[in-house]
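Values quoted throughout were computed directly from the atomic coordinates according to the rules given, and no laboratory measurement underlies them. None of the values given here were measured: they were computed from a predicted structure. FYI the Cβ positions are ideal-geometry reconstructions off the backbone, even for glycines, and counts take in every protein chain you see.
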Amino acid sequence: MHESETGFAERSVFPYVGSRGGDEMRAGGSNRRQGRRFTASGVLGVVLCIVFIPLIVVNLVLIVSSYLKPDELPGVLGVKPAVVLSGSMDPAIQVGDLIFVNDCDPAALKEGDVVCYLSSGKAITHRIVSIAEGDDGQPRLVTKGDANNAEDRLAVSFDQVQGQWSGARVPGLGNAILFMQTPAGMILFIVCPLALFFAWDVWRRRRMDKAEAARAAQLEAELAALRREQGVGRGPTEKF
């Protein structure tokens with residue numbers, strides 16, 4: 001049974017005459033370097049958005065679906081994920097797998113198909129071994145786990161069917177999902193990554209501020225040196 005992301009400043013070859021050209025060129029180079037740094041940060045932000053936004057959206061849809069339709073497995077676009085908790089379908093489906101069940105027409109199901117159905121509020125994924133007629137004259141699905149010795153005690157009605165399993169599964173991912181739902185898992189996989197990301201962002205911003213201050217001080221020192229050289233080169237003016 002199962003449940004349901006070296007550089008150095010160059011001196012200008014032109015004498016300093018009070019124009020802002022040299023400053024603007026240096027400022028432009030600094031802005032370009034700053035733009036490259038922000039581009040790297042932007043790439044990281046895009047990657048995180050690509051990873052986390054779909055996960056958040058899917059989780060929200062699953063949560064809303066579970067509240068709107070409490071008697072059905074929650075799903076997205078007709079696909080319902082479920083975590084396998086027992087080994088009744090070994091070796092096709094193993095404990096800890098994450099499987100994906102697709103919406104289907106119960107009337108189109110046949111012997112040999114693997115279906116997911118609800119029984120007493122629990123989701124069960126077993127194989128159809130035969131189709132019989134119930135006491136009410138309606139068809140019933142007789143199911144059995146591949147690893148079980150006997151058929152399931154109760155036959156399955158069409159309204160119990162949640163979907164058909166077509167073979168899509170991710171081995172072991174179900175265990176990780178179950179662990180993430182525990183307090184320790186939430187701390188390890190949600191709180192810690194967020195804390196590390198914010199710490200890295202603070203460290204990155206401080207490092208950028210220090211680098212910017214160092215570049216500004218270097219430019220000021222170069223400008224002061226140019227002014228001193230110009231003052232020495234001109235020398236005293238003689239009067240006649």
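For a footprinting-style exposure proxy, rank T182, T143 by other Cβ within 10 Å, fewest first.
T182, T143
Set the Förster radius R0 to 45 Å, insert the Cβ-Cβ distance between K110 and F189 as r into 1/(1 + (r/R0)^6), and round the FRET efficiency to 0.05.
The calculated FRET efficiency here is 0.65.
For a quick check: with amide H placed at 1.01 Å from N, whose amide H comes under 5 Å from H126's, ignoring anything fewer than 5 positions away on the same chain?
Here the answer is V115, Y117, since their amide H atoms fall under 5 Å of that of H126.
Where Lys and Arg each count +1 and Asp and Glu each count -1, what net charge lies around K80 among other residues with Cβ under 9 Å from its Cβ?
Once all neighbours under 9 Å are counted, the net charge is -2.
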